[in-house]
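Below: one structure, written as C-alpha cells.
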Amino acid sequence: SLEITDCVCTYDGKVFAKNDGVKKEYDNLNWRLNKLGSERDSVIGVINQIEHRKKDSFSRTFDGVNKHFNEIFSKISHKMQAQLILQNPEKPFDGGLNIRVRDKNGKGMYLGALSGGEKTLVALAFIFAVQEHSPAPFYLLDEIDAALDRLNSDKVAKLLQEYSKRAQVIIISHNDSIISAADNLYGIWMNKKGESFVNSLKI
C-alpha cells in the first residue's frame, strides 16, 4: 500500500522517496479527485430534479387531458365510455398511451372492431381534449362528420357550437346537422367558364 506522511513516501513499508513535491502532488490529486466526486454528485442531483419535474409535469398534463377526454367523449357518444391509459404508469416515458373503450354496460371493446363513426368519435374526443388543455384560437376541420350518424352528428354540432363561443371554427361539411348549427355558410361554386366563386349565407 502507498502511504505519504509529511515528506516521506513509502510502499509496503519501504521508503522510496523523500520529497515535499511528492506529497504536494498527492494532496493536489486527492483534492481534484474529491472535487470531481462532489461535482458528479451535484450533476446527478440536478438530473434527478429535472427527471422528477418532467414526470410531475407530464402527470399533471396527462390527468388534465384524460379528464377532458372523458367529459368530451361523454358529450358526443351516447353508448360508450372511454379513458386514456398509460402503458407504464410508474415509468411513463418508457411506455406508450392506450385508449380504453367500454360499452354502456362496462364491457371492454376492441378499438379495431369499432365502426368508422365510433372511431371518429374517439379521435375527435382525444383531439379536443388536447386542445382543451391548451386552447387554440382557431380550428379548421375537414369533413370530420363524414362517418357519423344523425344522432352523433347532432352531438358533434353542439360541441362545435360550444367551441365557437371562444374560438373561430371553420369546418368543411356536407352534413345537415353541422350546417344547421353554423353561423355562416360559404359555398364554392363553378360557373360555365370553369371558374370557381364563393357564395355566402348568414344563418
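Observations on the structure shown:
- Test result for ASP6, modelled with pLDDT of 80 or more and over 30 Å from LEU159 (Cβ atoms): no
- For LEU151, the conditions (1) more than 20 Å from GLN81 (Cβ to Cβ); (2) of a type in the set (A, V, I, L, M, F, W, C); (3) out of contact with any helix residue (DSSP H, G or I) (no Cβ under 8 Å at 6 or more places or on another chain) all hold with the exception of (1).
- Selection within the stretch 108-117 - part of a loop (DSSP other than H, G, I, E, B) and open to solvent by less than 80 Å² (accessible area, probe 1.4 Å): LEU114, SER115
- The stretch 50-74 residues that are in contact (Cβ under 8 Å) with a residue 40 or more places away in the chain, paired with ones that are assigned to a helix (DSSP H, G or I) and among the polar types (S, T, N, Q) (beta carbon under 9 Å, 6 or more apart): HIS68/GLN131
- Pair list, Cβ under 8 Å, 6 or more apart: the stretch 91-107 residue within 14 Å of VAL65 (Cβ to Cβ), other residue among the basic types (Lys, Arg) and outside any strand (DSSP E or B): PRO92/LYS55
- Within the stretch 56-74, considering residues that are touching a helix residue (DSSP H, G or I) at 6+ places or on another chain (Cβ under 7 Å) and exposed (fewer than 15 other Cβ atoms within 10 Å of the Cβ), the one farthest from GLU118 (Cα to Cα): PHE58
- Restricting the stretch 140-171 to residues that are of a type outside the set (A, V, I, L, M, F, W, C) and either touching a Leu at 6+ places or on another chain (Cβ under 8 Å) or in contact (Cβ under 8 Å) with a residue 60 or more places away in the chain (or both), the residue that is farthest from VAL65 (Cα to Cα) is ASN152.
Table: residues versus (1) over 24 Å from SER134 (Cα atoms); (2) at pLDDT below 90; (3) touching a Leu at 6+ places or on another chain (Cβ under 9 Å); (4) part of a strand (DSSP E or B).
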residue	(1), (2), (3), (4)
VAL46	yes, yes, no, no
GLN49	yes, yes, no, no
PHE62	no, no, yes, no
GLU71	no, no, no, no
LYS75	no, yes, yes, no
HIS78	yes, yes, yes, no
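Residue-by-condition table, conditions (1) in a strand (DSSP E or B); (2) open to solvent by 50 Å² or more (accessible area, probe 1.4 Å):
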position: ARG100; (1), (2): yes, yes
position: GLY106; (1), (2): no, no
position: LYS119; (1), (2): no, yes
position: ILE127; (1), (2): no, yes
position: GLU132; (1), (2): no, yes
position: ALA136; (1), (2): no, no
position: LEU141; (1), (2): yes, no
position: VAL156; (1), (2): no, no
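- Taking the listed residues ILE172, ILE188, the one that is open to solvent by 50 Å² or more (accessible area, probe 1.4 Å), of a type in the set (Val, Ile, Thr) and at pLDDT below 90 is ILE188, with no other qualifying.
- Residue check, ILE178 open to solvent by less than 30 Å² (accessible area, probe 1.4 Å), in contact with an Asp or Glu (Cβ under 9 Å, 6 or more places away or on another chain) and on the phi < 0 side of the Ramachandran plot: yes
- Any chance ALA123 is within 19 Å of GLU71 (Cβ to Cβ), open to solvent by 30 Å² or more (accessible area, probe 1.4 Å) and aliphatic (A, V, I, L, M): yes
- Single unsatisfied condition, PRO89 versus (1) under 24 Å from the mean Cα position of the chain (by Cα); (2) part of a helix (DSSP H, G or I); (3) not polar (S, T, N, Q): (2)
The values are calculated or read from the model by the stated rules, or taken from the named source; none is laboratory data. Keep in mind that this is a model prediction, so the values were computed, not measured. Because the Cβ atoms are built from the backbone with ideal geometry, glycine has one as well, and the counts that use them run over all protein chains shown. For the accessible areas, the whole protein counts, side chains as well, though only heavy atoms, and no ligand, DNA or RNA atoms are used. Shrake-Rupley method; radii C 1.70, N 1.55, O 1.52, S 1.80 Å.
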